[in-house]
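Input: a single structure, listed below in structure tokens.
Rule-based calculations on the coordinates, nothing more; no lab input. As the structure is a prediction and not an experimental result, all values here were calculated from the model. Using ideal geometry, Cβ is built from the backbone for each residue, glycine included, and neighbour counts are taken over all protein chains shown.
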Amino acid sequence: MSEKQDKLKAAAAESAAARVMDGMIVGLGSGSTAALAVSAIGKRVREGLRITGVPTSEATAAQARALGIPLTTMADVSGIDMTIDGADEVEQGSLNLIKGLGGALLREKLVATATKALIIVVDSSKLVTHLGAHDPIPVEVVPFGWETTAGRLARLGATPVLRRDANIEVFVTDGGHYILDCRFQSIVSAQALAKELDHVVGVVEHGLFIGMTQEVHVASAEGVRVLKRDR
């Protein structure tokens with residue numbers, strides 16, 4: 001990422017962080033863009049903002065603690081007021097998302113499902129007309145029998161690839177699962193595909209976030225603009 005791009009994304013992250021109000025329970029997303037938002041929230045906490053964060057990954061939890069953001073868990077709250085996170089793709093109009101290329105999709109979706117307002121921060125390159133235009137759909141699966149799960153996904157039209165880390169070892173999520181990155185030749189309806197993936201035996205969760213997003217703060221050369229979902 002260039003220094004200019006970094007500044008633009010930081011501005012979008014600050015725009016989203018400005019939506020956080022005193023007393024809120026705030027979901028803290030994962031990934032490089034979400035980390036900018038967590039930093040912006042941490043700055044506001046140092047300035048006197050009183051919030052409690054719910055991190056979506058161990059990495060985010062470590063960052064939040066270092067910034068002095070008080071943390072809690074899903075078990076200790078009845079709901080989450082707002083979550084700020086990044087996304088790998090954002091479908092224009094619907095604001096449906098692909099998430100999970102960073103590997104935290106299960107916890108991200110658990111937090112997103114429990115939140116009243118999901119706020120996404122991206123740069124303009126993440127905006128697409130149809131989901132799956134550039135990125136595969138991450139599908140988190142149980143390690144036991146993952147090969148047969150991959151076969152079931154292939155019968156839905158996917159080309160599943162087992163994710164590996166920088167050392168070519170199998171990537172393992174914070175929850176102890178594997179991820180199959182699934183490319184589809186075309187996705188006619190992301191909503192219909194999400195329902196199909198929900199019923200595949202061996203699938204823990206997938207990276208299609210349908211109908212969850214309230215706002216997307218988009219960084220571009222022209223500045224920061226806020227997109228809201230078409231009704």
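Once the Cβ-Cβ distance between SER94 and HIS199 is put in as r, and R0 is 30 Å, what FRET efficiency do you end up with, to the nearest 0.05?
Working: r = 22 Å, r/R0 = 0.73.
Efficiency, from the Cβ-Cβ distance: 0.85.
Just want to confirm a number: the relative contact order over segment 48-121, from Cα pairs under 8 angstrom separated by 6+ residues, in percent. Walk me through the numbers before you get to the answer.
Details: 84 pairs, mean separation 25.1, N = 74.
The value is 34 percent.
Using Cβ counts within 10 Å as a stand-in for footprinting exposure, how do VAL201, VAL77 rank, fewest first? Walk me through the intermediate numbers first.
Details: VAL201 10, VAL77 14.
In order of increasing Cβ crowding within 10 Å: VAL201, VAL77.
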### Query
Say each of GLN191 and THR148 gets a label point 7 Å from the Cα, pointing the same way as Cα to Cβ; how far apart are those two points in nm?
3.4 nm
### Task
Could you work out how far apart the two model spin labels at HIS130 and ASP6 are, taking each label as a point 7 Å from the Cα in the direction of the beta carbon, and quote it in nm?
3.7 nm
### Task
Calculate, axis by axis, the spread of Cα positions in segment 46-127 along the three principal axes, and write the results as whole Å, longest axis first.
34, 25, 24
#### Entry: Order of SER32, SER124 - criterion: other Cβ atoms within 10 Å of each residue's Cβ, fewest first
SER32, SER124
### Query
So, in nm, how far is label THR113 from label SER78 when the simple model puts each one 7 Å beyond its Cα toward the Cβ?
2.0 nm
## Note on the structure
Between the residues LEU97, ALA66, LEU8, the Cα farthest towards the positive end of the dipole of the chain, that dipole coming from +1 and -1 charges on the beta-carbon of Lys, Arg, Asp and Glu, is from LEU8
#### Entry: Extended-chain gain in nm, criterion 0.36 nm per residue less alpha-carbon gap, SER220 and VAL172
13.9 nm
### Query
If each residue's Cβ is checked for other Cβ atoms within 10 Å, how do THR129, THR148 rank with the fewest at the top?
THR129, THR148
### Query
What longest range of the chain stays clear of loop-exposed GluC sites (Glu not before Pro) (DSSP non-H/G/I/E/B, at most 12 other C-beta within 10 angstrom)?
48-168
### Query
Expressed as a rounded percentage, what relative contact order does segment 137-205 have, with Cα pairs under 8 Å and six or more residues apart?
46 percent
### Task
With viscosity set to 1.002 mPa s and temperature to 20 °C, compute the Stokes-Einstein D of segment 137-205, Rh being the Kirkwood radius across alpha carbon pairs; µm²/s, no decimals.
175 µm²/s
### Query
P(r) of the chain in 10 Å steps, Cα pairs, percent per bin?
8, 33, 36, 19, 3, 0
